[in-house]
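Working notes, structure below.
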Protein chains: 2
Amino acid sequence: MTAPRPAPAAESPVFDIPSLRALFRPRSIAIVGASNDPSRIGGRIVAGNIEGGFGGDIFPVNPQRDIVQGLRCYPSVAAIGQAPDLAIVAVPAAGVVAAVRQSAEAGARAAVVLSSGFAEAGPEGAAMQREMVAIARGAGMRLMGPNCMGFLDARAGLVASFTRINNVESAFSGVTILSQSGAVGAHFSHVMRTRRMRYDFWGSTGNQADIDFADCLAWLAETGEAKVVVGCLEGVGDGQKFIAALERACERRLPVVLCKIGRSEIGGEAASTHTAALAGSSQVFDEVLRRHGVHNAVGVEEALDIAYGCSAGKFPARASLGLASTSGGFGVMMADAAAEEGLDVPALPEAAQRRLKEIVPFAGTRNPVDMTGQYLNDESIVRPMVEALFAEGGHAAAICYVGGSGTMPSLAAQFEAVVQAFPDRLLALVIVGFPEVAARLERAGCLVFEDPRRAVRAVAALVAFGRTFAMPAFTRASLPAPVSPAGRGTLAEVASKAVLAQAGVPVVADALVTSSRDAAAAAARLGFPVVLKVVSPDIPHKSDIGGVALGVESVEAAAAAYDSIMARVSAAAPAARIDGVFVSPQVGDAVEMILGTVRDEVFGPTVLLGFGGVFAEILSDTVLRLAPVSPDEARDMFAALKGASLLNGARGRAPADVDALAQAVSALSGFAAANAGWLASVDVNPLLVRPRGQGVVAVDALVVADGEEGRP
Amino acid sequence: MTAPRPAPAAESPVFDIPSLRALFRPRSIAIVGASNDPSRIGGRIVAGNIEGGFGGDIFPVNPQRDIVQGLRCYPSVAAIGQAPDLAIVAVPAAGVVAAVRQSAEAGARAAVVLSSGFAEAGPEGAAMQREMVAIARGAGMRLMGPNCMGFLDARAGLVASFTRINNVESAFSGVTILSQSGAVGAHFSHVMRTRRMRYDFWGSTGNQADIDFADCLAWLAETGEAKVVVGCLEGVGDGQKFIAALERACERRLPVVLCKIGRSEIGGEAASTHTAALAGSSQVFDEVLRRHGVHNAVGVEEALDIAYGCSAGKFPARASLGLASTSGGFGVMMADAAAEEGLDVPALPEAAQRRLKEIVPFAGTRNPVDMTGQYLNDESIVRPMVEALFAEGGHAAAICYVGGSGTMPSLAAQFEAVVQAFPDRLLALVIVGFPEVAARLERAGCLVFEDPRRAVRAVAALVAFGRTFAMPAFTRASLPAPVSPAGRGTLAEVASKAVLAQAGVPVVADALVTSSRDAAAAAARLGFPVVLKVVSPDIPHKSDIGGVALGVESVEAAAAAYDSIMARVSAAAPAARIDGVFVSPQVGDAVEMILGTVRDEVFGPTVLLGFGGVFAEILSDTVLRLAPVSPDEARDMFAALKGASLLNGARGRAPADVDALAQAVSALSGFAAANAGWLASVDVNPLLVRPRGQGVVAVDALVVADGEEGRP
């Protein structure tokens, strides 16, 4: 990802930050359904806020009690006598709409509905959900849930959830958990307990009737307090809103780590029965995450490893890594892992290597540095060995394996000294079985992992964030003026090619002829050799029945080819409607590509590029990007194709005209973005890329239009 | 891996099992360098065996003491008065050769040398190492080490190492750690402590001067006591011995899980400075592991997850998986992971789904089964939900996510009941944060993981072992009679093609001509169209200078083509030696492939197959197998190629003659195995695969011979 990142040209959705502040930073909370019994949900919330030390006003609401857990209890929200910022609704489904209404009427600015039994439970529940959203919107009250586990703010001691703040002591703060599924979010927090990690904020969005994942993410980016957002997502309803939230996070240098679940066929089926969310194309979703520098984690463990790494707040922007180890084997293992993660492990300068050899003659000094068992005799060798990676190696990040050595407690001072000397560098250690030493080193600012491979993977992710954050800001692409569609449905070949020309993609010159004489004249005009191809809406595979003639070299041959095509076609497909025959110049030496656009139902227009022939048919090797892409981003697209070297003059060819290709891809993508209102898809196959300086030319195209206007 | 597995045709190395028994099951041990101080190495070993309760005789040897740690101490091994089975040598490097000599002379049958400072330390150390091996071999004494951490037998309480038995209580036994690097082996045992795993045996082979990884593995396969061998390997010196050990393990249904380190370029460099081992080709090493069903783990965590899974001793042979979850999100996540691991998650039968809906109306019943939060109200729903996966789903393996639920302690009984009802099935649970419940469930026979993705990966590996173990035994391929080489070095094209023909690979008919008249006559004889190609040792790229003519259709054209080739070549390369021109029939419709053999310096002859054209040049898409392969295994090879569908009639072609292709691959691989003594490599490019029934034909070939005899 080296090209500047154009953002979608559509106007960005506006997040209502003040209303989110009332939700997440309330000065007062009403707990509707408050109970005196802390084992019941309505009691657990009251107890949680008292224990948490929430500093705002707590108003229990329950018509059957005067006092709840020592606090004055009100018969209704209105009876409180002041509008609470936040109403937490913890009553059974049947009473929820009434509770939302009384909260709204009393002037609450936000509500969390924990109860389930709504859209996820069937049509009746969906109707109740619609009603509560209408009430909330009518009153200008934001709504989180229903069917969610709410949220916890561990710093404020605020519990808007029936789960507890279950943090442990940790050296690092700033981790935020945000999960559509409450159960998955809870799993994250359980695993964090076992790993010396704490969260500052924990939220689950459930049915997302009003506030969704994107709102929460935009809020977290706005506050600037989270060091990392880690979460799980099953689907996105509003693609543009999701993208806008990711852009904000990216601009604020807030790393986002997401597990997207439902990627596989069975998983996707299970997800769609489990939630009502639109899936969108998985390939497009992956592209949305890639473009915004989100780490797309394959599972919980990976997500938390990386969130843990982010909580140290250091994001090296160079992909080079220093490695040191007390055992040669682990140096090798980490070097292997670095290669797999795309990190370089360059050698230390010769002078530094000589200096390290003076300290330990048998040491491996290249990088990985093998400190050997010598540290068991003299711990003071560790600091200079590791520091060499920073001082002389110049690395922004280093990993040191120390393993399960019994000397760990006293070795810790060596690493503390390194961090003090190089406070801006990232130092990760691999240690097994010394939790108290690990905690001490974390307090010093080191990351501590148990597994060398996971350490390397996490550092690689931090480097990826560093590179994303170092990129220029998103720029709004200027789009061409929208045009009107030339028809509706699948456009004919002539109309499709006209659309391509409008889009700025060069189209092969051709003439539609209906006689052998006209064929000969057209051929003479266009220049030899020419190609002839029958035009018929009823003949899909024209070459199979002899409807195509290639390499026609003369006027006479063109006339003859016309006649023989007509004869073969009328024999093979006597009932087919024949519009005539296309005559076009035969394009010589060229790389065959396919180029297209597809409007994703969630994320909008996308552009696709791939090589033709076996690459397309056997390997499905294509790259997809959100439209529009700049010419530079188009270059990144073809660099990402497996067959990329075909464009560079592989197999004895002349290098292809990549400038013209980048221009064509960018132009078509801008056209697709400008005309997303009616342009469902474009399929250019083949797009011929000629040698440098000779441009590209679309030979065949198929456009599908499904709307009337130039803009959605 | 569906084809029967031919084993290498070479005779299998013989492992000297009785001598390994003296090493690993000694009735008596001498500790040379015994110390009274348990903090010193020679003292730690004595203390370890006393504490471990080793049942054999322990003879401390130290000329300066009469009693060591309460045991009678001897001035020399000879002074013991009886030959110990095993001598453990823990003296500084300078005294090691003498200690080995006195052990050998006293009749010890095996020795472990823990000391370092030998081959790994330079030429002087290497000389001492050679000397100690010569002494040991001369006396028929086996030798482990030097520069190793020895071994531990936790069941026998035997400590032949300066490290301790550091096991924890565990429900499962039978894990064996075997590592070339002692530090990596120690890391494995440290991590196992944190994961409720214990080892029965722990061994490190160090410099492998006599006993190597393969010897140890063969011994472990022989005893049949290990349930799994897990370890780390940097390199293999004797490929045939390693293969023979893997075969034994496979035949004894002993799963082997290995981390091969040094796979990357930097990692490989680091490994070669760290040990003296030959690397061999990484692709060949991967193939050796694949063929023998070894799990090739990418890191320590993966290796131990799978070793843990193996310790339950259940290896399902079908790749179908039942999934259940208390949260829909985790069902989706596990289904995604199953798809990535190649496991099917088929739907439960309709009747079973109806039955489950009766138990929980909102449950997801397809598979994954979503039990929903209903289990919090009624735990008894869990057992029937999970049992349905075994009873009606018929799965041999199921994974159930329960997460960090506070109800875990009482839920455990549900899972215990499932295991009692289905004792032969594999049940894995995902639980966070209840170590005592996890231990209880492990005692019941469940596997317990913390991470859903790691659970799925481990089960997938157990399935892979199950499939390997279900395969027919290795069969010795019968090889063709060896032949003598036609020359030495890179053979000329005519000689190379003759070798191919000897090997049983059809070669295109051709004639070498030296006049236009002969060219015309040869063309007439061979049948039109023909191809003409200049033959010269000095012109590598013949078509670049006009040295090739394709599609020659007549006698006259053949004569003319000969003359124009000669004219073009003498203009472009006037100094080149010209042997003449090949005339050969032009092969029509065919799939272009490349076929070759390479003799790996460690593992011997291999065979390679790939598609030609862009597949070879751009994608490097080739499959490698150890030679020989049967025709069935050859079919597996082409099925594993990315372009496999090209052979099945993709792109409108006729299906290719895969029978003839399988035959040719098998024949060449057998020839390469039979003639490994002189055949360094064969490169057939292209091998044309014609439509079914029309066979294959090699158009060009290059053979490299580097020896004199038919057999190595």
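The values are calculated or read from the model by the stated rules, or taken from the named source; none is laboratory data. Here the structure is a predicted model, which means the values were calculated and not measured. Cβ placement follows ideal geometry from the backbone for every residue including glycine, while neighbour counts extend to all protein chains displayed.
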task: Can you give me the ranges of the strands (runs of 3 or more DSSP E) entirely in segment A:166-277 with at least 3 residues that are among the aromatic types (Phe, Trp, Tyr) and within 11 Å of another protein chain (Cβ to nearest Cβ)?
output: none
query: Just for segment A:671-712: of the residues that are under 11 Å from A:Val505 (Cα atoms) and either among the β-branched types (Val, Ile, Thr) or assigned to a helix (DSSP H, G or I) (or both), which one is modelled with the lowest pLDDT?
result: A:Val699
message: Looking for something touching a helix residue (DSSP H, G or I) at 6+ places or on another chain (Cβ under 6 Å) and within 14 Å of chain B (Cβ to nearest Cβ) - is there at least one such residue anywhere in segment A:459-482?
response: no
message: Yes or no: segment B:227-235 includes at least one residue that is surrounded by fewer than 22 Cβ atoms within 10 Å (Cβ to Cβ) and in the same structural domain as B:Met132 (by TED's automatic domain parsing).
response: yes
message: Condition (residue is assigned to a helix (DSSP H, G or I), more than 14 Å from chain B (Cβ to nearest Cβ), within 29 Å of A:Val607 (Cα to Cα) and more than 28 Å from the chain's Cα centre (by Cα)) applied to segment A:513-521: is it met by at least one residue?
response: no
query: If you go through segment A:374-387 one residue at a time, do you hit one that is within 28 Å of A:Arg457 (Cα to Cα), within 14 Å of chain B (Cβ to nearest Cβ) and either buried (at least 24 other Cβ atoms within 10 Å of the Cβ) or touching a Gly at 6+ places or on another chain (Cβ under 9 Å) (or both)?
result: no
- request: Would you be able to tell me the number of residues in segment A:524-571 that are part of a helix (DSSP H, G or I) and at pLDDT 90 or above?
  value: 20
statement: Taking first residues from segment A:315-330 that are without any contact (Cβ under 8 Å) to a residue 12 or more places away in the chain and second residues anywhere that are aliphatic (A, V, I, L, M), the pairs with Cβ under 7 Å that are 6 or more apart or on different chains are A:Gly329/B:Ala183; A:Gly329/B:Val184; A:Gly329/B:Ile261
query: Does B:Gly596 satisfy the criteria of being surrounded by 19 or more Cβ atoms within 10 Å (Cβ to Cβ), in contact (Cβ under 8 Å) with a residue 12 or more places away in the chain, within 14 Å of chain A (Cβ to nearest Cβ) and not in a helix (DSSP H, G or I)?
result: no
- prompt: Among the listed residues A:Val61, A:Val91, A:Val46, A:Val112, which satisfies the condition of being hydrophobic (A, V, I, L, M, F, W, C), under 19 Å from A:Ile211 (Cβ atoms) and in the same structural domain as A:Asn147 (by TED's automatic domain parsing)?
  reply: A:Val112
task: Please enumerate the residues belonging to segment A:235-266 that are under 13 Å from the mean Cα position of the chain (by Cα) and among the acidic types (Asp, Glu).
output: A:Glu247
message: Any residue at all in segment A:319-328 that's closer than 30 Å to A:His187 by Cβ and either hydrophobic (A, V, I, L, M, F, W, C) or in contact with a helix residue (DSSP H, G or I) (Cβ under 6 Å, 6 or more places away or on another chain) (or both)?
response: no
- request: Looking only at segment A:348-360, decide whether some residue is within 11 Å of chain B (Cβ to nearest Cβ) and either within 23 Å of A:Val432 (Cβ to Cβ) or among the acidic types (Asp, Glu) (or both).
  value: no
query: Is there a residue being crowded, with 19+ Cβ neighbours inside 10 Å and hydrophobic (A, V, I, L, M, F, W, C) anywhere in segment B:478-487?
result: yes
Every residue from segment B:300-339 that is more than 9 Å from chain A (Cβ to nearest Cβ) and assigned to a loop (DSSP other than H, G, I, E, B): B:Ser311, B:Ala312, B:Gly313, B:Lys314, B:Phe315, B:Pro316, B:Ala317, B:Arg318, B:Ala319, B:Leu321
message: Which numbered condition in (1) within 14 Å of chain A (Cβ to nearest Cβ); (2) over 22 Å from the mean Cα position of the chain (by Cα) is the only one that B:Ser620 fails?
response: (2)
message: Name the residue that is farthest from A:Val332 (Cα to Cα), counting only residues in segment A:438-456 that are within 13 Å of chain B (Cβ to nearest Cβ) and outside any strand (DSSP E or B).
response: A:Ala438
query: Of the residues that make up segment B:564-586, is at least one surrounded by 15 or more Cβ atoms within 10 Å (Cβ to Cβ), aliphatic (A, V, I, L, M) and touching a residue at least 60 places away in the same chain (Cβ under 8 Å)?
result: yes
query: Could we say that B:Val360 is touching a Leu at 6+ places or on another chain (Cβ under 7 Å), of a type in the set (Val, Ile, Thr), assigned by TED's automatic domain parsing to the domain that holds B:Glu450 and more than 30 Å from A:Val456 (Cα to Cα) here?
result: no
- prompt: Which of the residues spanning segment B:641-663 are within 14 Å of chain A (Cβ to nearest Cβ), in a loop (DSSP other than H, G, I, E, B) and surrounded by 16 or more Cβ atoms within 10 Å (Cβ to Cβ)?
  reply: B:Leu641, B:Lys642, B:Gly643
- line: Filter segment B:403-432 for residues that are surrounded by 18 or more Cβ atoms within 10 Å (Cβ to Cβ) and within 14 Å of chain A (Cβ to nearest Cβ); the one that is nearest to B:Arg318 (Cα to Cα) is B:Leu429
query: Picking from B:Pro452, B:Pro423, B:Pro435, which residue would you name as being out of contact with any helix residue (DSSP H, G or I) (no Cβ under 7 Å at 6 or more places or on another chain), under 19 Å from B:Glu301 (Cα atoms) and not assigned by TED's automatic domain parsing to the domain that holds B:Leu258?
result: B:Pro435
